[in-house]
Amino acid sequence: MVEIKSQDATLPSGLTLHYHEAGAGNETTVVMLHGGGPGASAWSNFSRNIEAFAEEFHVIAVDQPGFGKSSKPTEHGQYFTHSASALHELFDVLGVGKAHLLGNSLGGGTAVRFALNFPDRAGRLVLMGPGGLSLNVFAPDPTEGVSKLGQFGAPPGPSKDKLEAFLRTMVHDQSLITEELLEERFAAASAPESLAAMKAMGKSFAQPETFEEGLLWREAYKLRQRVLLIWGREDRVNPLDGALVALKLLPRAQLHVFGGCGHWAQLEKFEEFNKLTRDFLLN
């Protein structure tokens, strides 16, 4: 049984980042970055994957700013830059020189921004339906999932029904959306500080001064890391056609598509995902 520690780190900027750590004796570090839906956290996205990866890697699964048990500031710049800067501080606090980054959706965007801004600290990238790098070629924008995400906090306010409608766009296997998951995510998402942080995050993608920092596909050609793009064929949040521009622009990219899979490849294709990504990071 792998021991998974749940810890907090106070950063020089004053933010607190909560993270789960396992496999601390292993030489190579993998940082896991979760997606951005209501109630999301490192544990909700990666609780089952941490133990599997910790057999070979030093794993750090981080609650990004505004999520989980981390600080929830409402005054910050473009979110990918904000979160990547906080992650850079965390590396320094924990003494992590360089790490592979594994990011889902919003976390994929943070991983790319981190690799662009701090290239010497980023190893290989595993990106599952990454935000900012996904550019729809055929699918409508906003997508079904993004539309339902926006509806969650809209008047008259959040509800469990609206959360369920959003979460059901995340997966192909609808049995994954259990009452227990809904209760857990809604409790976290409906807290006033979580709602305020989510609103600030959304606003940061539309600020005229900095919104271009979120258009990661425009800078994809700069990345020199090896990149594994992972997509679910049935992804209704960032559809599969969003991979095409990134695949063309990234100098060292490969794409793996799972059939019968939505936006949560790490859960819906658990065994296959773990094997695919571990092999990519090790070889």
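The values are calculated or read from the model by the stated rules, or taken from the named source; none is laboratory data. For clarity, every value in this text was computed on a predicted model and none was experimentally measured. Don't worry about glycine lacking a Cβ; one is built from the backbone with ideal geometry, like all the others, and counts go over all protein chains shown. Surface accessibility is based on the protein's heavy atoms, side chains included, excluding ligands, DNA and RNA. Shrake-Rupley method; radii C 1.70, N 1.55, O 1.52, S 1.80 Å.
Observations on the structure shown:
- Figure legend. Inter-residue proximity from the stretch 139-157: first residues outside any helix (DSSP H, G or I) and surrounded by 10 or more Cβ atoms within 10 Å (Cβ to Cβ), second residues of a type in the set (Ser, Thr, Tyr) and modelled with pLDDT of 95 or more, beta-carbon distance below 7 Å, spacing 6+ or different chains. No pairs are indicated.
- Filter result for Ser41 (of a type in the set (Gly, Ala, Ser), surrounded by fewer than 20 Cβ atoms within 10 Å (Cβ to Cβ) and within 26 Å of Glu184 (Cα to Cα)): no
- Pair list, Cβ under 9 Å, 6 or more apart: the stretch 267-283 residue open to solvent by 30 Å² or more (accessible area, probe 1.4 Å), other residue of a type in the set (D, E, K, R): Leu267/Arg48; Leu267/Asp173; Glu268/Asp173; Phe270/Arg48; Leu276/Lys269; Arg278/Glu55; Arg278/Glu56; Leu282/Glu56
- In the stretch 2-26, the residues that are within 23 Å of Gln266 (Cα to Cα), of a type in the set (D, E, K, R) and either in contact with a His (Cβ under 8 Å, 6 or more places away or on another chain) or crowded, with 16+ Cβ neighbours inside 10 Å (or both): Lys5, Glu21
- Condition broken by Ala187, with the remaining ones in (1) assigned to a strand (DSSP E or B); (2) of a type in the set (A, V, I, L, M); (3) loosely packed, with under 14 Cβ neighbours inside 10 Å satisfied: (1)
- Some residue of the stretch 184-204 being small (Gly, Ala, Ser), in contact (Cβ under 8 Å) with a residue 24 or more places away in the chain and within 23 Å of Ala243 (Cα to Cα): yes
- Odd one out for Ser83, checked against (1) within 27 Å of Pro192 (Cβ to Cβ); (2) in a strand (DSSP E or B): (2)
- Residue in the stretch 207-230 that is open to solvent by 40 Å² or more (accessible area, probe 1.4 Å), in contact with a Phe, Trp or Tyr (Cβ under 8 Å, 6 or more places away or on another chain) and at pLDDT below 95 present: yes
- Flag if Lys275 is farther than 21 Å from Lys148 by Cα and touching a Cys at 6+ places or on another chain (Cβ under 8 Å): no
- Entry remark, the stretch 70-88: residues being among the charged types (D, E, K, R) and surrounded by 17 or more Cβ atoms within 10 Å (Cβ to Cβ) number 1 in total.
- Residue within the stretch 206-219 that is touching a helix residue (DSSP H, G or I) at 6+ places or on another chain (Cβ under 6 Å) and more than 24 Å from Ala99 (Cβ to Cβ) present: no
- Summed over the stretch 1-53, the residues that are part of a loop (DSSP other than H, G, I, E, B), in contact (Cβ under 8 Å) with a residue 60 or more places away in the chain and farther than 22 Å from Gly202 by Cα give a count of 3.
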